[in-house]
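What follows draws every value from the coordinates through simple rules; no lab data is involved. Keep in mind that this is a model prediction, so the values were computed, not measured. Cβ: placed from backbone, ideal geometry, glycine included. Neighbour counts: every protein chain shown.
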Amino acid sequence: MSIETGDSVTIEYTARFADGPVFDTTDEQVAEETGLVEHLPDREFEPLTFEVGDSELIEGVTDALVGMDEGEQQTVTIPPEKAYGERRDDRVIEHNTVEFDQMLESEGRSLEMGTRIETKDGSVGEVTHIDPEIVRIDFNHELAGETLEFDLEVLKIH
């Protein structure tokens, strides 16, 4: 029986950048070998069960899973447009440094490179530049513009 959209499945995956480094996995052994266990100490590395097409998985993974059979393994290359999209300049905004610093201080936070900012609509950005005049915040997904590779294994079709 092949996977169809709407099926409940359990999979293992390992995700890496096209140039090699692993950035995510469900496999505990891979997580230990690559240092992800130390980097993500609260994360449980275990198979993922979800409904195909109704999940937070990127489009390229969902597309690859449709048609796979239980026990099947494959490695897929996923371009940015089927992953987290291309990097967009309009997702990088600038604010007056003094005003932005005062806003953060009113929240008990300090302005530093790498500070994570969440907007009222839930968008998350990261401070990527600070100078006396402007602070720059990048709201692109951290994997935007990246070509990714996923090793997929279908453990069970429910």
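Tabulated data
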{"item": "Degrees, to the nearest 10: 97-106 long Cα axis against longest axis of the chain", "result": "70"}
{"item": "Relative contact order (percent, whole number), the chain, Cα cutoff 8 Å, 6+ residue spacing", "result": "34"}
{"item": "The chain - mean residue ellipticity at 222 nm from DSSP helices (-39,500 (n - 2.57) per run, n ≥ 4, rounded to 500)", "result": "-4500 deg cm²/dmol"}
{"item": "Candidates per chymotrypsin sites (Phe, Trp or Tyr not before Pro) in the range 49-158, loop by DSSP, up to 16 other Cβ within 10 Å", "result": "139"}
{"item": "The range 89-138 shape via C-alpha gyration tensor axes, a/c threshold 1.5", "result": "oblate"}
{"item": "Relative contact order for the range 89-138, counting Cα pairs under 8 Å that sit 6 or more residues apart, in percent", "result": "43"}
{"item": "Extension reserve of the residue 128-residue 95 stretch, reckoned as 0.36 nm per residue once the Cα distance is removed", "result": "10.7 nm"}
{"item": "In the range 38-95, GluC sites (Glu not before Pro) in a DSSP loop with at most 11 other beta-carbon atoms within 10 Å", "result": "44, 56"}
{"item": "Residue order, fewest to most beta carbons within 10 Å, for 68, 103, 1", "result": "1, 103, 68"}
{"item": "Size of electric dipole in the range 85-140: Cβ of Lys, Arg +1 and of Asp, Glu -1, about Cα centre, debye, nearest 20", "result": "200"}
{"item": "Residues of the range 83-98 with amide N under 15 Å of the 7 Å Cα→Cβ point at residue 63", "result": "83-86"}
{"item": "Distance between the range 45-106 and the range 8-40 - C-alpha centres, whole angstrom", "result": "15"}
